[in-house]
Amino acid sequence: MTYQTSRRGFLTAAAASATILAVGYRPDGVLAATGEAASLNPFVKISGDGTVTAVLKHFEMGQGTTTGLTTLIAEELDADWSAIEFEFAPADNKRYKNLAFGSQGTGGSTAIANSFGQYRSAAAAARAVIVQAAAAEWGVKPDAISIEDGVLKSGNRSAGFGDFITAAAKLDAPAEPTLKAPEDFRLIGKATLPRKDSAAKTDGSAKFGLDMRVPGMARAVILRSPKFGGTLKSFDIGRAKKVSGFIDAKEMPGKSGVAIFGETTWAALSARGEINAEWDFSKAETRGTDDMLADAIKSLDAPSWQAGKEKDAGVSAKAIKGAAKTVEAEFHFPLLAHAPMEPSNCIIEKTAGGVTVHDGCQFPALAQPTVAAILGLKPEQVTVNTVYAGGSFGRRANPTADYQAEAAMAFALLGGERAVQLVWSREDDIKGGYYRPMAVHKARIGVDEDGNITGWDHRIASNSIMKGTPFESFLVHDGVDHSSVEGAADTPYAIPAMTVGLSDITTPMRTLWWRSVGHTHSAYAMESLVDMAAEAAGKDPLEMRLELLKDAGADGKRLSAVLKLAAEKAGWGGTLSQGRGRGIALHKSFDSYVAEVVEVSVDDGDVRIEKVTCAVDCGIAINPDVIKAQIEGGLGYGLGAIMRNHVTMTDGVVDQSNFPDYEPLRITDMPAVEVHIVESAEAPTGIGEPGTPPIGPALANAIYAATGERITRLPMSENGISFA
Amino acid sequence: MAIKLKINGEERDVSAPPSTPLLWVLRDELDMTGTKFGCGVASCGACTIHVDGVPTRSCQLTLEGAQASEITTIEGASGKVAKAVQDAWRELDVVQCGYCQSGQIMSAIGLLSETSKPTDEDIDDAMYGNACRCATYVRIRSAIHHAAKTLEG
Ligand code: FES
Ligand code: FES
């Protein structure tokens, strides 16, 4: 940013450069401006040289927060987009809490939705005090001052933010600053606003957790039980001592494994390969996934709980009885690993008064107290230095803060002086549990002579993600873990006489949310079933859905709009050449509405996913290009899993170990993607996850259209489907 | 005994076991962290560097095996093709989490250095081994075509 400045302006700026204007919220939620950032933990900082820094309470795992939250600040401040900077907030569970769940963390596609008002208000307050200070200095009325790209102007005067921060920091921030009207937005909604993290991520300079280096740091890897719930009986260092760079090997607390320390990652990994351990499997999961699946299917004969609005299980059965046609199906969903590109890792470093955790930290509210408790510190003695995260897809937000806890234990085991970087290998990651739950959906639907649904008996068996975690109290009600049934029990479709039964699959193995959580399986089952019901009713899939949305209130309107838009753009109903098929699916998740149409070609039995046409309504589109990228990525992430990923176990041992047998989506698999965003004046909603749920059923429906084969067991590759 | 490497035009002495994968030499001995660890078994491409100009998985090359060659990492990527690729990546905002992108870019530079106007099949062949869990593939493909156009002048 360059602008003309008078000699006096230059001197003022130089004198002021020692101070800062910080604007944020006091613990009681009131907006405040101050010259001292440390005491406030602000949302925006402006330094004497005019540099504006957005302080981000949400971490960056690729979803675009560094661009999105920074846009909100730059918009209301009228700052220069190319010059505005950002930094990640420290741990502060009060000021930086996620307003959607009351503690500091990122997830559930909430980063923009919960920050929209908060970040804009902070920036608008900063703008107001700067304008007030400039008005006093220039002897003009505040409304005689305009700001464009960080330059204040009034008459023939102009100056940057830096000139006024000292005076502005002494003013009271307005309690309720005026926010811009949407028609005045110049950054929000702009089709292309370059991502803030592009440059650093294309020249190798971006630092992820695994790239952090602190003086004298040792590396640690953990040897864990090959069966979930197993404990260490004994271990033998064996030839590990001969490995160059090997430091030591120690039993982990709770006999959870062996921590192996090395001067380098390679030394630690090599030494681990030499260590022999004996395990006690008496409390471990020793079943195979086939046994677990069989148990789950059996449990659906009499589900444990009723999760739908209708609590009487007999209602659906009665409504289906005697229907002209019935549709029946059973769907199987495997365990899935998240496999973010950067395996789990973090550093614990001893610092003045406590420790610092260097981590692509998704949930400081969980990591900070967990590390503190293990090391006998107070939470405030644990500083969290949040850095870039190489993906997460849910893996880093773990109620047990598993890898941060392991790092803290390893740090203590090595003596509590030397910094330790805990590293997971890809094998650790694929074999390490915290999977997307296994799930079975079983449904019976009645259809009458006029093609109307008479009743819908839906039953789900799944591992509960929330039970036994701090989230249980607000996400589990009357036995029902909402994350097991979301997207089915609360379907926006106006379906008469619907019941949704639920049984838990229980095992010592822990499961975890995986990009779009319960919607990963519920959308597949629901949207396949709607197509099956449409066929039984003799209706077009699009027509069937629009009918079910007619009496579905506000949701129904928004869902119908994205459905029609996607269908129109994809040429729904138009003729296709031989061997091609189209499938459509629709799903609401994280308060956003997404419809996807998949077009496949089948050649000699090989399916090729040619194109996906998407329509999305996520309220006001802050960064349309980031939204498009999240839909592209979200559906791609889902596709790879639907096509060929599963974690299976034999006698309690995970069969897969690395990418060769947990094959990620490749560039050759990726279809062309077209994303259409519905214009909206509604508050912004989630975008990181909603692109994932519809892709599986849209693909399944397209394959059915092209081949007549209905795939109800995932992954598709295990059902004789091969992909070109 | 130290082993001499030539990395990004500079001589570097490394004292590590000769069988250490070059990936870990770069990351842990030399603190050159732009080259990433993703799998360690040649199946993700996050560790891609150039060995005498050829895209190579550094997790599969040993320190000993690398000593006679010119090594280029993302930190040393330079020249017309590298610039065109990096510019295209920025213009199209390819990155999401970014963790795979050093490897993607090194593979793309390798491709465009050999084939100035790659077809979609050329891109499939050259980029197949570079996994991106964020699935930025649509943009990777577009950015390679875009860079090829820039290089055409
Ligand atoms: S780390 Fe070398 S290919 Fe994955
Ligand atoms: S950008 Fe995240 S893995 Fe490629």
For the protein assembly as shown, give me the percentage of DSSP beta bridges that are antiparallel, rounded to the nearest 5 percent. 75
Residues other than A:Arg213 with Cβ under 12 Å of its Cβ, Lys/Arg counted +1 and Asp/Glu -1, net out at -2
Provide a whole-number value for the mean count of partner chain Cβ atoms within 10 Å of the Cβ atoms in peptide B:22-33. 4
Can you return the lysines within cross-link range of A:Lys242? Criterion is Cα-Cα under 23 Å, with same-chain partners fewer than 8 residues away left out. A:Lys250
Alpha-carbon centroid distance for the pair the range A:96-121 / the range A:411-475, whole angstrom: 23
At a threshold of 8 angstrom on Cα-Cα distance, excluding pairs fewer than six apart, so keeping six or more, what relative contact order does chain A reach in percent? 14
Note, ³J(HN,Hα) from phi for the range A:50-62, Karplus 6.51, -1.76, 1.60, rounded to Hz, x at Gly and Pro: x, 5, 9, 10, 7, 9, 9, 7, 10, 7, 10, 10, x
Most exposed to least, judged by fewest other Cβ atoms within 10 Å, A:Ser717, A:Ser560, A:Ser522 sort to A:Ser717, A:Ser560, A:Ser522
With a Förster distance of 51 angstrom and the Cβ-Cβ distance between A:Asp551 and A:Asp143, calculated FRET efficiency to the nearest 0.05 equals 0.55
Total formal charge among the other residues, if their Cβ is under 9 angstrom from that of B:Thr35, Lys/Arg +1 and Asp/Glu -1: +1
At R0 = 30 Å, FRET efficiency that the Cβ-Cβ distance of A:Arg213 and A:Glu417 yields, to 0.05: 0.95
As a test, work out the antiparallel percent of DSSP beta bridges whose residues both lie in the range B:3-76, rounded to the nearest 5. 85
What size of dipole, in debye to the nearest 20, comes out for the range A:7-200 about its Cα centre when the only charges are +1 on Lys and Arg C-beta atoms and -1 on Asp and Glu C-beta atoms? 100
Cross-link partners among lysines for A:Lys298, C-alpha distance below 17 Å, same-chain residues fewer than 8 apart left out? A:Lys442
Low-density loop GluC sites (Glu not before Pro), the range A:582-679, at most 10 other Cβ within 10 Å, DSSP non-H/G/I/E/B, are A:Glu679
Fewest-first ranking of A:Phe363, A:Phe86, using other Cβ atoms within 10 Å as the exposure measure: A:Phe86, A:Phe363
Per-residue ellipticity at 222 nm attributable to helices in chain A (runs of n ≥ 4 DSSP H, -39500 (n - 2.57) apiece, nearest 500 deg cm²/dmol) works out to -8500 deg cm²/dmol
Would you mind classifying the range A:32-180 by shape? Square roots of the alpha carbon gyration tensor eigenvalues, ordered a ≥ b ≥ c; an a/c under 1.5 is rounded, otherwise it is prolate if a/b is larger than b/c and oblate if not. prolate
Give the distance, in whole Å, between the Cα centre of the range B:39-56 and the Cα centre of the range A:601-657. 25
Which whole-number percent gives the relative contact order of the range A:179-298, counting Cα pairs below 8 Å spaced six or more residues apart? 27
Spacing of the two label points (7 Å from each Cα toward its C-beta) at A:Val653 and A:Lys242, in nm: 2.4
With an 8 Å cut-off on Cα pairs and a minimum separation of 6 or more residues, tell me the relative contact order of chain B in percent. 24
By a straight-distance test (C-alpha under 15 Å), which aspartates and glutamates pair with A:Lys467 as possible cross-link partners, with residues fewer than eight away in the same chain excluded? A:Asp478, A:Asp481, A:Asp504
Show me A:370-380, A:257-267 ranked by packing, highest mean number of other Cβ atoms within 10 Å first. A:257-267, A:370-380
Number of partner chain Cβ atoms within 10 Å, mean per residue of A:423-430: 2
DSSP beta bridges in the range A:14-94: the antiparallel percent, rounded to 5, is 75
Around B:Gln67, under 10 Å between beta carbons, what's the net of Lys plus Arg minus Asp minus Glu among the other residues? +1
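Coordinate-derived values only; no laboratory data. Here the structure is a predicted model, which is why all the values come from computation and not from measurement. Here Cβ is always computed from backbone atoms with ideal geometry, including for glycine, and neighbour counts include all displayed protein chains.
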